[in-house]
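Beneath this line is the structure, given in structure tokens, with notes to follow.
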């Protein structure tokens with residue numbers, strides 16, 4: 001069976017391991033390995049990279065002029081952000 005990296009799947013795999021170990025018979029020997037899906041991990045990394053690039057571009061825009069910095073600062077204060 002193949003699972004993606006969802007937390008609910010971690011729980012499902014735990015239950016499967018417990019269930020198989022309780023029902024183990026000499027003719028029914030099972031080894032379960034939980035290996036993370038590398039394609040899913042790489043996809044998540046690519047998504048994070050795009051978010052980081054967007055934040056960097058936004059900061060370039062904010063830091064472009066003193067008036068933009070003031071507007072950003074006022075917005076942060078109104079939202080009670082540091």
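Bear in mind these aren't lab numbers, they're just calculated from the coordinates by the rules spelled out. The structure displayed is predicted, hence computed values, not measured ones. Neighbour counts run over all protein chains shown; Cβ positions are idealised from the backbone, glycine included.
Arrange 75, 81, 16 by Cβ neighbour counts within 10 Å, fewest through most, would you?
In increasing order of surrounding Cβ atoms, one gets 81, 75, 16.
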- line: Dividing the alpha-carbon radius of gyration of segment 39-82 by 2.2 N^0.38 Å, where N counts its residues, gives 1.57
